[in-house]
Amino acid sequence: MRTIVITGGTDGMGAALARHYLAVGDRVVVIGRDQAKFEALRATAASPANQGATGSTTFDSGAARAEFVAADLSSIADSRRVVEQLRREHESIDALVLAASFIRRHRHLTAEGHEASWVLFFVSKYLLVTGLADRLRAAGRPIVVNTAVPGTRADAIDFDDPGMSRGFSFARANAQQRRANELLGLLATAEDPRLAYVTWGPKGLVRTGFTGEVGPGMKMAAAVLGAIAGKHPDVAVRPIIDLIDAPTPGRAAYRGAKPAPLVGGEHDREDIARLAEMIDRDFR
Ligand SMILES: NC(=O)c1ccc[n+]([C@@H]2O[C@H](COP(=O)([O-])OP(=O)(O)OC[C@H]3O[C@@H](n4cnc5c(N)ncnc54)[C@H](OP(=O)(O)O)[C@@H]3O)[C@@H](O)[C@H]2O)c1
């Protein structure tokens, strides 16, 4: 039985993946903030496995293979607690899917004093991938699927001020997170050449809740466009399922089922080192 860990597994594409892996018999660890959403997901996981001769139905309760870790991944303390709990409870992790998402158009400081999107969309991912490296290594064919849309400028990171206390914009913050997640892949696969690390974005819109503070205009546009042209999450995640079922060691990037070019920078190695120093400096 594989162990599949999914951040943002209570909703949208993360929940679609959780339902799939529970249905095919894997152990699924869902990380999110909302226990009620998880309980609803778990309730649907108890599917009839066998129809007995007398008409009785036995349940392979997928519910028993579903675990929930409540955490706010825009918090460093929570992110570290999740790593510790997963390390305590799981000797190996076959797939780590990073799909937690809360879109903010504006800069927002957490109670810990950090820029919320920078932590949620990058720093917590860094802590999970590096903190669980040996648990991933212990699996036969480990894979990290990071839902960070691939491809961005190599100079997108402000190493001195990653929380963007000056000149924050949604576009700049988004580009910075995407570049940092590519560097995280370089770091993780350099340390474990057997690891598959995929940065993945859907092709087109997916009909999800678009969790976040995005303003009524964007919310409305996403709802209308999603209803007309958006894919159902169960359909959108099929390429992720294929990637997890047959992981290829090394880095890759995908939009939907289509490989995307890996964007390299002239100074990737130096940038990885600066990123690690920055985490030490800001999040020790
Ligand atoms: N939908 C699209 O069209 C689209 C397009 C491009 C990229 N993407 C990317 O694909 C990924 C999945 O997106 P989605 O649309 O499926 O997401 P979604 O439906 O909005 O769900 C977001 C998930 O993240 C969790 N979450 C939010 N804030 C959190 C926090 N602070 N700590 C822990 N968990 C948190 C939510 O769970 P709780 O409520 O339980 O916390 C929920 O399970 C994201 O990385 C997104 O940026 C999506």
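The values are calculated or read from the model by the stated rules, or taken from the named source; none is laboratory data. Predicted, not measured: the structure shown is a model, and the values here were computed from it. Heads up, the Cβs are rebuilt from the backbone with ideal geometry, glycines too, and the neighbour counts pull from every protein chain shown. Ligands, DNA and RNA are excluded from the accessible area calculation, which covers all protein heavy atoms including side chains. Shrake-Rupley method; radii C 1.70, N 1.55, O 1.52, S 1.80 Å.
A few remarks follow.
- Considering each residue of the range 261-273 in turn, at least one proves to be touching a strand residue (DSSP E or B) at 6+ places or on another chain (Cβ under 6 Å) and either in a loop (DSSP other than H, G, I, E, B) or in contact (Cβ under 8 Å) with a residue 12 or more places away in the chain (or both).
- Being modelled with pLDDT of 90 or more and touching a strand residue (DSSP E or B) at 6+ places or on another chain (Cβ under 8 Å) is a property that holds for Ala66.
- Search result, residues across the range 132-176 that are open to solvent by 20 Å² or more (accessible area, probe 1.4 Å) and part of a helix (DSSP H, G or I): Ala133, Asp134, Arg135, Arg137, Phe170, Ala171, Arg172, Asn174
- Contacts under 8 angstrom Cβ, first residue in the range 204-228 being closer than 14 Å to Arg104 by Cα, partner within 12 Å of the ligand (Cβ to nearest atom) and of a type in the set (Phe, Trp, Tyr), 6 or more apart: Thr211/Phe102; Gly212/Phe102; Glu213/Phe102; Met218/Phe210; Lys219/Phe210
- Near pairs, Cβ below 8 angstrom, 6+ apart or cross-chain, from the range 65-79 (within 8 Å of the ligand (Cβ to nearest atom)) to any residue that is aromatic (Phe, Trp, Tyr) and open to solvent by 10 Å² or more (accessible area, probe 1.4 Å): Ser74/Phe102
- Residue check, Ala138 touching a residue at least 24 places away in the same chain (Cβ under 8 Å) and of a type outside the set (Phe, Trp, Tyr): yes
- The set of residues from the range 84-112 being assigned to a helix (DSSP H, G or I) and open to solvent by 10 Å² or more (accessible area, probe 1.4 Å) comprises Glu84, Gln85, Arg87, Arg88, Glu89.
- Cβ-Cβ under 9 Å pairs, at least 6 apart or on other chains, the range 1-27 side closer than 24 Å to Asp78 by Cβ, far side among the aromatic types (Phe, Trp, Tyr) and crowded, with 24+ Cβ neighbours inside 10 Å: Ile4/Tyr21; Ile6/Tyr21; Arg27/Tyr21
- Qualifying residue in the range 144-162 (condition: of a type in the set (Val, Ile, Thr), more than 23 Å from Thr3 (Cα to Cα) and within 13 Å of the ligand (Cβ to nearest atom)): yes
- Boolean, Arg255 is open to solvent by 10 Å² or more (accessible area, probe 1.4 Å), charged (D, E, K, R) and without any contact (Cβ under 8 Å) to a residue 40 or more places away in the chain: no
- Candidates in the range 204-242 are the residues that are open to solvent by 70 Å² or more (accessible area, probe 1.4 Å) and in contact with a Gly (Cβ under 8 Å, 6 or more places away or on another chain); of these, the one that is farthest from the ligand (Cβ to nearest atom) is Ala229.
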